[in-house]
């Protein structure tokens with residue numbers, strides 16, 4: 001589609017080493033219409049396949065990923081700077097599990113569903129059918145570049161849509177890997193296409209009038225995409241940022257909570273929308289908790305070898321965000337428990353794991369997403385205070401509650417304005433594909449995973465059928481003499497205690513009036 005002269009290439013830099021490890025051809029903006037043309041052509045065939053045929057392609061994809069799991073993990077690790085263990089546990093495993101979930105449930109969830117028909121519509125049957133939308137545009141992020149691209153892609157494909165993926169330009173090697181996996185799995189031409197490039201390419205595809213947009217990324221970019229989608233009346237799902245609170249009550253299993261806070265805050269170097277980014281600890285155990293937390297955090301190993309615990313940051317600009325938040329907090333009186341002042345950081349992409357106290361609720365470190373290895377810890381006195389702190393930001397993606405009191409944990413969970421809450425664990429809801437995933441407030445719009453995650457990519461079509469034996473319906477013309485019969489019919493039907501005899505007499509009278 002393009003000449004050699006027009007091709008621009010992106011250099012792929014491994015964030016952990018700073019080395020250039022590959023070059024990826026960018027997709028020229030003028031080719032965007034051709035992508036949509038191919039996608040719509042492919043949709044015409046793909047959408048007519050039985051669901052079992054579509055999931056057959058997913059089985060091939062899954063087996064290819066299983067066979068090449070180690071190679072894929074290394075690509076993810078090189079491209080993102082995360083350690084190999086996190087590549088396989090948090091990126092590959094959830095993707096494979098999602099494929100399994102869809103293979104096992106898509107036919108039941110997306111097939112025609114029978115719905116109960118009210119007695120007043122006697123003689124009819126009601127159904128819901130799920131009709132694919134068309135071309136789905138998936139715009140995916142760099143922090144979990146495999147999982148957060150492929151799960152919406154395979155969900156859309158199962159529903160009969162064709163898919164265009166625009167992966168993050170920050171991790172283009174994983175985007176190329178995804179493209180290669182779908183091609184080698186034998187998906188029909190045009191059913192899955194991958195476009196490579198930066199913001200200009202993403203904007204061109206967003207304004208290219210897809211039938212659905214699934215975006216995962218920042219709140220700022222999400223709002224831009226939503227504005228464009230609104231102009232064209234394109235439905236969207238937006239999976240945006242988080243500033244997730246972790247609430248630890250005095251009766252919690254302290255050692256477990258400390259380990260959870262450490263992993264929840266620093267896995268993937270804190271570059272997780274569901275990271276434990278705010279830690280609220282009941283004052284009676286605050287000092288003891290901090291002591292244990294410092295010891296646990298200081299035991300972690302930073303690096304990029306197979307036994308390292310925490311890898312590097314992925315996106316250089318995110319390092320600046322963490323620096324700004326930490327600088328502001330320290331200038332306003334916050335104290336480091338562990339970690340370094342930004343002025344003492346090294347030049348590389350490995351940031352020190354930082355725990356900070358003496359922070360105020362209005363600081364950026366509490367109010368804005370950090371997306372880095374930065375954990376503020378705040379004491380609280382009462383249950384009500386903890387809930388107020390937790391709900392006190394514009395975000396609402398995930399949260400965790402720590403207590404051995406089951407009634408308290410469920411009570412607090414119900415009061416948190418959040419798309420998900422975990423009790424005595426962190427982050428884990430996203431790993432259960434039977435649960436819906438998404439946020440409240442500025443953490444996003446819509447849900448995926450679960451049954452909802454398959455059905456969002458389809459139009460719900462209501463169908464009612466009648467055998468057509470009767471000459472006329474009781475509510476059809478003429479209306480002469482029908483009002484008092486309908487009045488008595490509805491009064492007898494909707495009364496606190498239904499009067500079936502009156503109902504039957506008036507229904508029969510209405511039937512006779514149609515002759």
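Read-outs: derived from the displayed coordinates by stated rules, not from any lab. From a predicted model like this one, the values you see are computed outputs, not experimental measurements. When we count neighbours, we look across all protein chains shown, and the Cβ atoms used for this are built from the backbone with ideal geometry, even at glycine.
Summed over all non-identical Cα pairs, the Kirkwood treatment of the range 470-513 gives a radius of 10.7 Å. Peptides 464-474, 406-416 ranked from most to least packed give 406-416, 464-474, packing being the mean of other C-beta atoms within 10 angstrom over each peptide's residues.
Relative to the current alpha-carbon distance between residue 63 and residue 480, full extension at 0.36 nm per residue lengthens the span by 143.3 nm.
With the highest mean first, a sort of the peptides 132-139, 423-430, 189-196 on other beta-carbon atoms found within 10 angstrom per residue produces 132-139, 189-196, 423-430. As a proxy for reagent exposure, ranking 119, 61 by other Cβ atoms within 10 Å from fewest up yields 119, 61. Packing here is the average count of other Cβ atoms within 10 Å per residue, and on that basis the peptides 447-453, 379-385, highest first, run 447-453, 379-385. Cβ crowding within 10 Å, taken as a proxy for footprinting-reagent exposure, orders 402, 345, 500 from fewest neighbours to most as 500, 345, 402. One equal scatterer on each Cα of the range 68-118, no solvent, Debye formula: the resulting log10 I(q)/I(0) at q = 0.15, 0.16, 0.24, 0.26 Å⁻¹ is -0.54, -0.57, -0.84, -0.90. Note on the chain: the alpha carbon radius of gyration divided by the globular reference 2.2 N^0.38 Å gives 1.16. Per residue, the average separation of C-alpha pairs within less than 8 Å and at least 6 apart gives the chain a relative contact order of 16 percent. If I fit a long axis through the Cα atoms of helix 32-46 and take the longest principal axis of the Cα atoms of the chain, what angle between them do I get, 0 to 90°, rounded to 10? Taking the Cα atoms of the chain, the angle to 32-46 is about 50 degrees. Residue exposure proxy: 17, 95, ordered by other Cβ atoms within 10 angstrom of their Cβ from fewest to most, comes out as 17, 95. Spin-label model, residue 71 to residue 514: label points 7 Å out along the Cα-to-beta-carbon direction sit 6.6 nm apart. Taking all Cα pairs closer than 8 Å and separated by 6 or more residues, the relative contact order of the range 470-513 comes to 43 percent. Max-minus-min Cα coordinates of the range 244-432 on each principal axis give 48, 38, 30 Å, with the largest extent listed first.
For the chain, find the longest principal axis of its Cα atoms and tell me its angle to the long axis of helix 172-184, 0 to 90°, nearest 10. Relative to the chain, helix 172-184 is tipped by roughly 50 degrees. Principal-axis analysis of the Cα atoms of the chain puts helix 406-415 at an angle of about 80° to the longest axis.
Of all DSSP-defined beta bridges confined to the range 244-432, some 15% are antiparallel rather than parallel. When its C-alpha radius of gyration is set against 2.2 N^0.38 Å (N residues), the range 392-515 gives a value of 1.89.
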